[in-house]
Amino acid sequence: MAASPLMRDVFIETFTEAARRNPNLIFISADFGAKALDVVREELPRQFLHPGIAEQSMVDIGAGLAMEGKQVFLYAMGPFISARCYEQIKSLLVTMNLPITLLGVGVGLGYDHATMTHFVLEDLACMRALPGMEILTPCDGESTREMARFAIEDPALRYIRLDRQPFPSVYGGRFAESLQNGVATVAAGEGLAIVTSGNFVHQAMQAREILRQEGIDLGVIDLFRIKPMNHKAVLESLAPYSRLITLEEQCLDGGFGSALLECLSDQGRSVAVKRLGVPGLYRAQNGNRAHLHQLYGISLDDTLCAAREAAKQV
Amino acid sequence: MDTPTEPLLARSQWLRKALFEMAMGPKKGHIPSSFSMVEILVTLYFGGVARHFQGEPDHPDRDRIFVSKGHAGMAQYPIFAELGYFPREELDRFTQPEGLLGMYPDFRVPGIEGVSGSLGHGVGIGAGIAHAAKLDGKSHRAFAILGDGECYEGSVWESALFAAHHCLDNLVVVVDRNQLCIMGKTEELLALGDLRGKWESFGWHALSVDGHSYPELLEAFSHIGRTHGKPLVIIANTVKGKGISFMELAHLWHNRMPNKAQMAQARAELERNPIS
């Protein structure tokens, strides 16, 4: 079986196919590469720009291009496409509702050894606060490809969060039908479900397999579009469950679980929710991503513990 | 220069008076920052420099003029009314809830290219517009008017590198060097130093002129298209508040409003054109 592709390569390959036919598509990278990007640089040099390691300028230039009708994709490491140029995003892209795609790579703790400056634990909270910003998080190559196609075919102001690592296929060809819903049931369970996205869909599935041996049937819900949240589809997906766990590689304040709680509260759905996420502090320690998950209390073991505890209450 | 400057001199007085009365209704606006760039705008719009089309603010061949020092974006409004972009009565509704025109430029106002107010975006936006024009083989140009205090923003210089690297000779930046920011003189607070030299070292065709002199401004703009592939920057040395003596180079007047006596004095002074 072929190795799983990197999300960034999948996205850029999809972009490249479209860009060959449409010279209006422009890709700008603030000094962040990808194997697939080399093809764009060689084959479509008029559609690629390198603005220097200067994300703020990149957003300004992208805004100018978009104001002239170009379809612009801005690409950088997750921490720098979100927080570093937040003011530019807010003041130009949001206020003028410019149809630009922001692509961040390495969200969450993807840059494990790079530590705190490269951790992206607050991008959901800050991007979620921006009116009109659509936020998507794929969890495998297929969902990445479909989101790329969507971003190309239906231009809008959108932040797409790519993991640094490759992940095996989750959807087996079924993702396209879920795209508009913004949420998908990856595995149906009994009474208890984990709501998550991105890399943690895979951790949730691992937990599901382990707990099955213990007689716990854990559902796994991929809430891949956190904004705008499709309240109707979310409530329908969660209807079978009396207890929920949210699992996120984000600070708990204002992040993924917060967004779901807001939806449940606004919609008048009363359900017990346990949030697993990064507590409100930055800590760095040598070690890989799994090691950091232990440090922050969001490891597979932590997930299993929370699920076992919740299952008792179902 | 071939362009006669007499009509432009009359425009100077007209625009200052129009701006003053526009601001005095609601007692809102940034008069000194607007007054320092009156001659820059008049040269662009009425001096035969920028391409624009009467009554057609969205004409595809228009030059894109972006006031990056957005607090002074109001200075364009009387000009837009004159160009038939919206009824003159809108000037009387400046900042009013029922009015079209706000204190800061909104892209929904005919003639305004983009939202402005937060500093440091104009060079990047202008570079994006200019680069798109090059890609599409179009002949319109991008003009960005910056404040000198705005040049503290790092993104100005990031985008300056980009524009020079991509040989955007269809991009023109004018720095309104009116010497003041909110808290005082730039050279006392944090020296900007030799701005012309700084832009030049970033690869720009850089000129320094008297920003209230039509002959000098016209000569500077005549360099457009003759910069050997370089973007053009004009450091326009101006006086913040030019035309109202007590506001000139007085940083506390940045957004202060005159009292009755001061209003009368200002009106009297504006009857004498400060530019000749």
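Taken as a whole, the structure places B:Val173 among residues that are in contact (Cβ under 8 Å) with a residue 40 or more places away in the chain and either buried (at least 20 other Cβ atoms within 10 Å of the Cβ) or part of a helix (DSSP H, G or I) (or both).
Selection of segment B:48-99 for residues being surrounded by fewer than 17 Cβ atoms within 10 Å (Cβ to Cβ) and under 14 Å from B:Gly114 (Cα atoms) yields only B:Asp58. For segment A:28-43, the condition holds for no residue, the condition being that it is at pLDDT 95 or above, part of a helix (DSSP H, G or I), among the hydroxyl-bearing types (Ser, Thr, Tyr) and within 20 Å of the chain's Cα centre (by Cα). The residues of segment B:142-157 that are open to solvent by less than 20 Å² (accessible area, probe 1.4 Å), facing another protein chain (nearest Cβ under 10 Å) and not in a helix (DSSP H, G or I), listed by number, are B:Ala142, B:Ala144. When you look at B:Ser139, is it open to solvent by less than 10 Å² (accessible area, probe 1.4 Å), at pLDDT 95 or above and among the polar types (S, T, N, Q), yes or no? The answer is no for B:Ser139. The number of residues in segment B:124-136 that are out of contact with any Leu (no Cβ under 7 Å at 6 or more places or on another chain), facing chain A (nearest Cβ under 7 Å) and open to solvent by 10 Å² or more (accessible area, probe 1.4 Å) comes to 1. In the condition set (1) surrounded by 18 or more Cβ atoms within 10 Å (Cβ to Cβ); (2) within 29 Å of B:Ser213 (Cβ to Cβ); (3) within 20 Å of the chain's Cα centre (by Cα), B:Gly102 is compliant with all but (2). Among the conditions (1) in contact (Cβ under 8 Å) with a residue 60 or more places away in the chain; (2) closer than 30 Å to B:Tyr104 by Cα; (3) part of a helix (DSSP H, G or I), A:Phe15 misses just one, which is (2). Of the listed requirements (1) touching a residue at least 24 places away in the same chain (Cβ under 8 Å); (2) within 8 Å of another protein chain (Cβ to nearest Cβ); (3) open to solvent by less than 10 Å² (accessible area, probe 1.4 Å), B:Ala160 misses just one: (2).
For segment A:18-47, a residue qualifies if it is exposed (fewer than 13 other Cβ atoms within 10 Å of the Cβ), within 20 Å of A:Arg164 (Cβ to Cβ) and polar (S, T, N, Q), but none of them does. Among A:Met127, A:Met147, A:Met116, which is over 30 Å from A:Arg308 (Cα atoms) and either at pLDDT below 95 or surrounded by fewer than 22 Cβ atoms within 10 Å (Cβ to Cβ) (or both)? A:Met116 is the lone residue from the list that is over 30 Å from A:Arg308 (Cα atoms) and either at pLDDT below 95 or surrounded by fewer than 22 Cβ atoms within 10 Å (Cβ to Cβ) (or both). From the residues in segment A:278-295 that are within 23 Å of A:Leu218 (Cα to Cα) and open to solvent by 10 Å² or more (accessible area, probe 1.4 Å), which one is farthest from the chain's Cα centre (by Cα)? In this case the residue turns out to be A:Gln294. Within segment A:48-65, identify whether any single residue is in contact with a helix residue (DSSP H, G or I) (Cβ under 6 Å, 6 or more places away or on another chain), more than 14 Å from every other protein chain (Cβ to nearest Cβ) and open to solvent by less than 10 Å² (accessible area, probe 1.4 Å), and answer yes or no. Taking every residue of segment A:48-65 in turn, none turns out to be in contact with a helix residue (DSSP H, G or I) (Cβ under 6 Å, 6 or more places away or on another chain), more than 14 Å from every other protein chain (Cβ to nearest Cβ) and open to solvent by less than 10 Å² (accessible area, probe 1.4 Å).
Say we look at segment A:66-103 and pick out the residues that are among the β-branched types (Val, Ile, Thr) and open to solvent by less than 10 Å² (accessible area, probe 1.4 Å); which of these is nearest to B:Pro105 (Cα to Cα)? The residue in question is A:Ile89.
Only one residue in A:Leu247, A:Leu264, A:Leu235 is modelled with pLDDT of 95 or more and buried (at least 20 other Cβ atoms within 10 Å of the Cβ). Which one?
On the way: A:Leu264 fails: buried (at least 20 other Cβ atoms within 10 Å of the Cβ); A:Leu235 fails: buried (at least 20 other Cβ atoms within 10 Å of the Cβ).
Of the residues listed, the single one that is modelled with pLDDT of 95 or more and buried (at least 20 other Cβ atoms within 10 Å of the Cβ) is A:Leu247.
In segment A:112-124 there is no residue that is polar (S, T, N, Q) and within 14 Å of chain B (Cβ to nearest Cβ).
The values are calculated or read from the model by the stated rules, or taken from the named source; none is laboratory data. Keep in mind the model is a prediction, meaning the values are calculated, not measured. Every residue, glycine as well, gets a Cβ built from its backbone with ideal geometry; the counts of neighbours run over all protein chains shown. Surface accessibility is based on the protein's heavy atoms, side chains included, excluding ligands, DNA and RNA. Shrake-Rupley method; radii C 1.70, N 1.55, O 1.52, S 1.80 Å.
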